[in-house]
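Structure first, commentary second.
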Amino acid sequence: MAINIKIDDKELKRTVAKLRDFPKEIPKATSAALNRTISFVTKKVKKEVTNEYSIKSGEVAATFKIKKANSSSLTASINSKGRVLTLSHFPANLKAGWGKGSKVKVKVKRTGYKQVNGNPTPFVASLGGNLQIVRRKTSKSYPVEVLKTLSIPQMISNAKINENISREASEQLQKRVEHEVEYRLNKLTK
């Protein structure tokens, strides 16, 4: 997952320059703004992905590794790592797809169910006690392969989702920096 946040350098420098009389407060304000922005971005990513794909918010969050900023290290990051998901991970007509010649449908995106096509024709099989959508590798009964789709990091990298998150994260960071600077100025000048 790669979401790059761009902010207006001139505006940021102008905002942080307000703390020039209190140089020790600059790293504190910056790290606080970064951490608040990271928190906002994680919520936004979960919301955007679950709005587009048939997946739970907790599953998206489980792929995150978050590194927060502090006064000595003014960098913050969110990394998402995860494996490719099987088609049976998503809502599907697994019971109906059990019979010979029946069509298997899966709802990967929220837009609706789509028929799983392929040659040879995909079908439902019980593997390891779980129903899976599979396809034969040869003309013989075995071996079969479990059909897979996207990983959660790939869902996050969707151009539409990535663009929305980047734009809103940049705006949020700018607001948070302004807020943190004003908060510290008010506190120190009383």
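Where a number appears in this text, it was derived from the coordinates with a stated rule and is not lab data. Here the structure is a predicted model, which is why all the values come from computation and not from measurement. Note that each Cβ is placed from the backbone with ideal geometry, even for glycine, and that neighbours are counted across all protein chains shown.
Some points to look at:
- Between P143, P27, P122, the Gaussian network model of the chain with springs among Cα atoms under 10 angstrom shows the greatest mean-square fluctuation at P143.
- Label-to-label distance, nm, for residues given as K137 and K95 (7 Å Cα→Cβ offset): 3.2 nm
- Ellipticity at 222 nm from helices only: DSSP H runs of n ≥ 4 in the chain, each -39500 (n - 2.57), divided by the residue count, give -13500 deg cm²/dmol.
- Residue separation of N51 and Q154 scaled by 0.36 nm, minus their Cα-Cα distance, works out to 35.6 nm of gained length.
- Tail weight of P(r) past 27 Å, computed on alpha-carbon pairs of the chain, percent: 47 percent
- Percentage relative contact order, the chain, counting C-alpha pairs under 8 Å, at least six apart: 30 percent
- Quarter the surface of the alpha carbon convex hull of the stretch 32-101 and you get the mean projected area, 5.9 square nanometres.
- For the chain, the longest principal axis of the C-alpha atoms and the axis of helix 25-52 are separated by about 20°.
- Three semi-axes of the equivalent ellipsoid, the stretch 86-151, Cα gyration tensor, whole Å, largest first: 19, 12, 12
- For the stretch 86-151, size of Cβ-based charge dipole, Lys and Arg +1, Asp and Glu -1, in debye: 180 debye
- Computed from the Cβ-Cβ distance with R0 of 41 Å, the FRET efficiency linking A61 to R20 stands at 0.55.
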